[in-house]
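Okay, structure first, notes after.
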Amino acid sequence: MEPRRDRGRGRRAGAGAPRHAAGGPAVTWTRSPGPGSGRARTTIAAVQGLAVVLSAVSLGATLWKGLEEPGTALAFGVLIAVGELARWGAPGRDREPAPLGVAGALAYALLGETAGQATHHGALQVVAVCVAAALVGSVPHLAVGRGPSADHMARRVLTVAFAAVCFQPLYNEGRFGAWLGDGAAYALLLVGLLVLTALCDAVLAAAMAHARTGWPFGPLLRDELRAMSGIGSAVCATGAVIALAVAVAGLWALPVFCLPLLLTQLAFRRYAAVRTTYRQTIASLARATEIAGYTPQGHALRVAALSRAVGRELGLSEPDLTVLEYAALMHDIGQLSLVDPVADGATAALPAQEQRRIALLGGAVVRQTGVDAEVAVVVERQADPYREQPLTARIVRTANAYDEMARGEGPQGPLTALERLRLATGRDYQPDVVESLARVVSRGGVTLPPAG
């Protein structure tokens, strides 16, 4: 017997409170302390603590000894500060929101000469200048609550220190000149060091995300490495070009060779604006069934939030997660084609043939909207026998059923829904997906829009 559903009553899924990003379907995720939370806090504290200690030691040593080549240090400090001032995007939403500042920091870490004159600044001075300039450039953003996150700053300090430690001691001892000279081999060395630095940053980013969320490390690292092909490659290339150009032309090369990265940053900003508009359009389409009274308020967002979390738990890549999220948002849109809407949008309780008919109608609607065809496929196949479905469709099916079963059941709704899903794993739902959903709900902190 199906539980009574009350559209006007709110409920919580799991232990968390609802929250989602305004203006689009993207959902902000937090996690409540779980079995491994102590180890996670230790990992994050260790990384951030190492960055703080390294910053303090570098600033103290530089103040004690004084700056080597103060003009060069000031020029790169200004470049890094300007890059931080030009920061764009919200903290945590963009992998590299301050590309110009990062490129300037990497260029200073790999700087060996200025207009043919050898430099003598060491790794500690590199870290000190980069930290001080980044803090100065972040002040306006901090004042309005949009400053860089602690994780991002810790990664910046550690990756710049890694590049400086790999380059400065050996260069100042004359090893690179003796081994490679000043030709193409030297340029390749800088590129190789930047690639290693980018890999170091990707590993740190994935490790900290894994510690905070508990999501599998492998897929997180894969997404970070994939992101390097975008703005990350432009940052590394600009850092190498600046270091080489300043070595030949002096500090006048800084504004000239920063211009391409600034234009790239503007292009990425426009691309991000287009993607935001795209998300807002899909979110508006997803609300059509709610406005028409076919589905309860917030149902599509709750299913999308749960689906994305389960997809992360199962190790889906970022492109697959995007398709999954969009399909989950639009999974009920086929009901707009029905003459008699399903009460409270409870399609999980319908006969299998009726579910498939609604799913096919939904896929047809999605295809007419111009949304990615992969999204339409997931919507169309969400009601197929689960053994014949792609993984994304299995996730949407399970998340939708969970939300419908738990709605209106009070505090015991999530537990009751999970129990019913487990009992149906041999027939209707994939066991791995159900268990992943159970882990997501048990951790709590997954923030979902309330019903009603």
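Working ranking of peptides 389-399, 58-68 by packing, defined as the average number of other Cβ atoms within 10 Å per residue, highest first, is 389-399, 58-68. Quick one: if the Förster radius is 35 Å, what FRET efficiency do Arg41 and Leu415 give, using the C-beta to C-beta distance and rounding to 0.05? E between Arg41 and Leu415, to the nearest 0.05, is 0.80. Seen from Ala300, the other residues with C-beta closer than 11 Å to its C-beta sum to a net charge of -2, counting Lys and Arg as +1 and Asp and Glu as -1. Using a simple spin-label model with pseudo-atoms 7 Å out from Cα toward Cβ, Trp252 and Leu85 lie 2.3 nm apart. Count Lys and Arg as plus one, Asp and Glu as minus one, and take only other residues whose Cβ is under 11 Å from that of Ala51; the net charge is then +1. Atom-type composition of the exposed protein surface of region 128-215 places 71 percent of the accessible area on carbon and sulfur (1.4 angstrom probe).
One chain, two ends: Ala237 and Arg439. Fully extended at 0.36 nm per residue, the span grows by 68.6 nm beyond their Cα-Cα distance. Using 0.36 nm per residue and subtracting the Cα-Cα separation, the extra length available between Phe217 and Thr369 on full extension is 51.2 nm. Relative to one another, the C-alpha centroids of region 193-255 and region 347-380 are positioned 40 Å apart. If a spin label sat at a point 7 angstrom from the Cα of Ala184 along the line to its beta carbon, no backbone N atom of region 229-256 would be nearer than 12 Å. Starting from the Cα gyration tensor of region 347-398, take the square roots of the eigenvalues, sort them a ≥ b ≥ c, and report rounded, prolate or oblate (rounded when a/c is under 1.5, otherwise prolate if a/b is larger than b/c, else oblate). Oblate, because a/c is 1.5 or more while a/b does not exceed b/c. Farthest toward the positive end of the dipole of region 196-345, out of Val256, Gly232, Met208, is the Cα of Val256, where the dipole comes from beta carbon charges about the Cα centre.
The values are calculated or read from the model by the stated rules, or taken from the named source; none is laboratory data. Values in this document were obtained by computation on a predicted structure and should not be read as measured data. All Cβ positions, even for glycine, are placed from backbone atoms using ideal geometry, and neighbour counts span all protein chains on display. Accessible surface is based on the protein model in full, side chains and every heavy atom, while ligands, DNA and RNA are left aside. Shrake-Rupley method; radii C 1.70, N 1.55, O 1.52, S 1.80 Å.
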